[in-house]
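Here is the structure we will look at.
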Amino acid sequence: MSATSEIKKVTTRRIQEMKEKGEKITALTAYDFLIARLCDRAGIDIILVGDSLGNVFQGHLTTLPVTLDDMIYHTKAVQRGVKRAMIVVDMPFMSYQTNIEEAFRNAGRIMKETDAGAVKIEGGELFAETVAKLTANGIPVMGHIGLTPQSIHRFGGYQPRGKEKEEAQQLIRDAKALEEAGAFAIVIEKVPAKLAKRITQSIKIPTIGIGAGKYVDGQILVVYDMLGLTEEFNPRFVRKYAHLSETIFDAFKRYIEDIRSGDFPNEKESY
Ligand code: KIV
């Protein structure tokens, strides 16, 4: 057995075990080979090929234009960089909402054509039957509740969800419905920390928070946000671990200057 084949892939079982042992689950999005490889080498547990690629990679205002083919294309690039992390793939808008059979076919395409370990679906109770169909047929599903960006036009903005009692109670019902349907984990996006804590305590499967405070089982961020590439996006839940837009901009400026001044390339950089 070679050294590479000894790397233990993160599985749904391992994710559940982490919750039970109180080990925090780490997750980041990735959309390409090099970033995925760095995430994996750093020890990230879950890499989400998020449909946020519609915003941060494709430059759209929402995630709605992202297609199933886009998701499969990016996942194929990501998988080439990943040895250990579990790859989860977002099912894009209108790839699972129409009916259960279509959701099953599309999730099946993701699993068949990529090395993904699971798919992610936005929504709770409403999609419980879909989640049940997928999981019963061997496709692990991660749920996603709270601020679900595919419903942005219904919400009318990116404000936190679950602040009102009624919506908070619905989110708890959503989490329970997803658990019952067989989801292996749930992303909770942009809800009050107290509510995320209640949801986490009310189910046995792990919760992964984004803008949901610390009383969840793990955390996820959009990789370009935490790297400081998305300059104009500064919500309070994004901690910037780097300021890459400044670093990259400065590199481009110096490159232009060096060419114009004749400094690049020098003798050592020539044959
Ligand atoms: O698409 C995405 O990147 C996501 C995360 C923000 C959880 O769904």
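The values are calculated or read from the model by the stated rules, or taken from the named source; none is laboratory data. Not measured: the values here are computed from a predicted model. With ideal geometry, Cβ positions are generated from the backbone for all residues, glycine too; neighbour counts draw on all protein chains shown. When the accessible area is computed, the model is the full protein with side chains, heavy atoms only, and any ligands, DNA or RNA have been set aside. Shrake-Rupley method; radii C 1.70, N 1.55, O 1.52, S 1.80 Å.
Figures for the structure shown
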read-out	value
The chain, accessible area per residue, ligands and nucleic acids excluded (1.4 Å, Å²)	54 Å²
All aspartates and glutamates inside 20 Å of LYS268 as judged from Cα atoms, apart from same-chain residues fewer than 8 positions distant	GLU257, ASP258
Cα-based equivalent ellipsoid of region 153-237: semi-axis lengths in Å, sorted from largest, via gyration tensor	23, 16, 11
Point-charge dipole on Cβ atoms (K/R +1, D/E -1) for region 1-123, about Cα centre, debye to 20	540 debye
With every protein chain in place, the chain: carbon and sulfur % of accessible area (1.4 Å)	53 percent
Sorted largest first, extent of region 213-271 alpha carbons per principal axis (Å)	57, 24, 11
Folded to 0 to 90 degrees: helix 193-202 orientation relative to the chain principal axis, Cα	50 degrees
Coarse-grained scattering of the chain at q = 0.14, 0.16 Å⁻¹, given as base-10 log I(q)/I(0) from a Debye sum over alpha-carbon atoms	-0.96, -1.25
Coarse-grained scattering of region 16-55 at q = 0.17, 0.20 Å⁻¹, given as base-10 log I(q)/I(0) from a Debye sum over alpha-carbon atoms	-0.51, -0.64
